[in-house]
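Quick notes on the structure that follows.
The values are calculated or read from the model by the stated rules, or taken from the named source; none is laboratory data. Keep in mind the model is a prediction, meaning the values are calculated, not measured. Positions of Cβ are backbone-derived with ideal geometry, glycine not excepted, and every protein chain shown enters the neighbour counts. Each accessible area value is taken on the protein alone, full model and side chains, heavy atoms only, with ligands, DNA and RNA left out. Shrake-Rupley method; radii C 1.70, N 1.55, O 1.52, S 1.80 Å.
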Amino acid sequence: MIVNQWVPAAHKGDAIGDSARRVRDLLRAMGHEAELYALTIDDALHGDVRPFDDPSAARGDVTIFHYALPSRMTEAFASLRSSARVLQYHNVTPAAYFAPYDPALFRLAALGRRELATLAGRVDLALGDSEYNRRELESLGFAPTGVFPIAVDTARITQAAARPGLDSILDDGLVNFLFVGRIAPNKMIEDHIRLAEVYKRYVDAYYRFIFVGRFDVVPRYYAMIRALMAEYRFLTDRFVFTGAIPDEELAVYYRHAAVYVSLSEHEGFCVPLVEAMAADVPVLAYAAAAVPDTLGGAGVQFAPKDLELAAELLGALAFDDDLRARVIAGQRQRLTDFGDARITRELTALVHTLS
């Protein structure tokens with residue numbers, strides 16, 4: 001069977017594109033013909049991902065369309081006639097988060113949700129990569145629906161990369177609290193800054209908050225974050241914004257993290273939660289949107305967003321060895337749900353259903 005996947009953009013290091021390439025490889029190992037097509041392809045992926053204009057893009061027995069933003073792929077997918085059409089929805093951040101900071105991103109997000117709705121009734125199967133996303137599809141009138149998780153390549157996190165300079169910087173006696181992801185309004189980075197103030201006052205003064213990911217996506221939002229830091233008069237060396245970094249360095253940041261912190265209010269899946277579990281970093285997470293779906297019962301989750309409670313939990317995860325061991329054990333158990341064995345089983349069932 002020929003199983004094609006479509007992604008609007010194939011960027012190395014992007015969760016959606018990386019997952020699609022991993023699924024393609026698993027499909028090939030199962031004996032299927034499988035290719036990935038994209039409108040935009042990073043130079044590093046040329047030859048690995050095919051351009052969408054290739055006529056073979058429309059010739060699959062099954063076509064899986066990964067939806068996260070509007071593009072001309074949407075109507076092309078809806079118009080397929082010779083292929084079973086499977087939508088995999090990776091969520092669109094609600095436009096309201098961008099309204100105070102970037103009108104263009106506000107419009108793009110609003111258009112993304114409107115365009116998604118046009119596919120209702122025009123696909124054979126609609127999958128969310130979390131139960132949270134599946135429920136949104138169902139609310140828009142999609143049927144039948146299901147859940148197919150992102151295929152996370154945790155090898156890039158667990159690799160033993162040699163970065164002695166970075167190791168030395170991160171192993172200086174400060175306790176490292178890590179966040180991975182773009183600096184965007186739905187991630188609620190301002191709450192990390194407020195959490196740092198509470199933590200410093202009531203728990204421990206020897207800390208460092210590290211933010212790994214692009215901070216140029218929403219410039220006005222990042223400027224607000226820096227202004228809030230100045231308002232609190234924080235020591236600048238206690239907050240690190242790395243920008244985009246290679247996988248080898250990302251692995252080092254996970255290796256030196258005492259706790260992974262997620263205070264996001266809107267996630268469709270949240271790959272860094274799986275990465276943190278793979279790196280044996282205890283997770284402290286605000287239980288919102290798809291975060292409980294991804295963690296299951298693992299990590300330490302809390303709601304409502306009480307930052308005094310969060311600071312207390314952060315200190316406990318950093319310094320209570322027995323608690324850390326119990327949390328890590330639970331995360332290791334949860335991590336098995338994201339392994340290749342499960343993905344292969346679900347791919348087998350998916351292909352069988354559509355054949």
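Looking at the stretch 270-311, which of the residues that are open to solvent by 10 Å² or more (accessible area, probe 1.4 Å), under 16 Å from the mean Cα position of the chain (by Cα) and not small (G, A, S) is farthest from L178 (Cα to Cα)? Per the stated criteria, the residue is D293. Would the stretch 183-202 turn up any residue that is in a loop (DSSP other than H, G, I, E, B), of a type outside the set (A, V, I, L, M) and either more than 30 Å from T344 (Cβ to Cβ) or open to solvent by 10 Å² or more (accessible area, probe 1.4 Å) (or both)? No: the stretch 183-202 contains no residue that is in a loop (DSSP other than H, G, I, E, B), of a type outside the set (A, V, I, L, M) and either more than 30 Å from T344 (Cβ to Cβ) or open to solvent by 10 Å² or more (accessible area, probe 1.4 Å) (or both).
Counting the residues of the stretch 152-168 that are surrounded by fewer than 16 Cβ atoms within 10 Å (Cβ to Cβ), in a helix (DSSP H, G or I) and not polar (S, T, N, Q) gives 4. If you check A34, A38, A84 for being open to solvent by less than 40 Å² (accessible area, probe 1.4 Å) and under 21 Å from the mean Cα position of the chain (by Cα), only one passes: A38. Residues in the stretch 120-151 that are out of contact with any Ser or Thr (no Cβ under 7 Å at 6 or more places or on another chain) and either part of a helix (DSSP H, G or I) or under 23 Å from V252 (Cβ atoms) (or both): E131, Y132, N133, R135, E136, S139. Among residues of the stretch 203-227 being open to solvent by 20 Å² or more (accessible area, probe 1.4 Å), aliphatic (A, V, I, L, M) and closer than 25 Å to Y97 by Cβ, the one that is farthest from the chain's Cα centre (by Cα) is A227.
Taking every residue in the stretch 191-206 that is at pLDDT 95 or above and pairing it with any residue that is in a helix (DSSP H, G or I) and of a type in the set (D, E), at least 6 positions away or on another chain, the pairs with Cβ-Cβ distances below 8 Å are V198/E308; Y202/E308; Y202/E312; V203/E312. On inspection, D306 fails the criterion of being charged (D, E, K, R) and on the phi > 0 side of the Ramachandran plot. Within the stretch 40-47, none of the residues are in contact with a Ser or Thr (Cβ under 7 Å, 6 or more places away or on another chain) and of a type in the set (S, T, Y). Scanning the stretch 46-63 for residues that are part of a loop (DSSP other than H, G, I, E, B), closer than 18 Å to L27 by Cβ and open to solvent by less than 30 Å² (accessible area, probe 1.4 Å) yields a single hit, G60.
Which one is farthest from Y254 (Cα to Cα) among residues in the stretch 203-219 that are assigned to a loop (DSSP other than H, G, I, E, B) and aliphatic (A, V, I, L, M)?
V218
Look at the stretch 75-92: where a residue is on the phi > 0 side of the Ramachandran plot and a partner is small (G, A, S), sitting 6+ places away or on another chain with Cβ atoms under 6 Å, you get N91/G268.
Listed by first and then second residue, the pairs with beta-carbon distance under 9 Å, at least 6 apart or on different chains, first residue in the stretch 159-170 and touching a residue at least 12 places away in the same chain (Cβ under 8 Å), second open to solvent by 40 Å² or more (accessible area, probe 1.4 Å) and assigned to a loop (DSSP other than H, G, I, E, B), are A161/P246; L166/H256; D167/H256; L170/H256.
Within the stretch 1-15, restricting attention to residues that are surrounded by fewer than 24 Cβ atoms within 10 Å (Cβ to Cβ) and among the aliphatic types (A, V, I, L, M), which residue is nearest to E249 (Cα to Cα)? Step by step, filter the stretch 1-15, then rank; the result is A15.
Residue-level check: of (1) of a type in the set (A, V, I, L, M); (2) in contact with a Ser or Thr (Cβ under 9 Å, 6 or more places away or on another chain); (3) part of a helix (DSSP H, G or I), L108 misses just (2).
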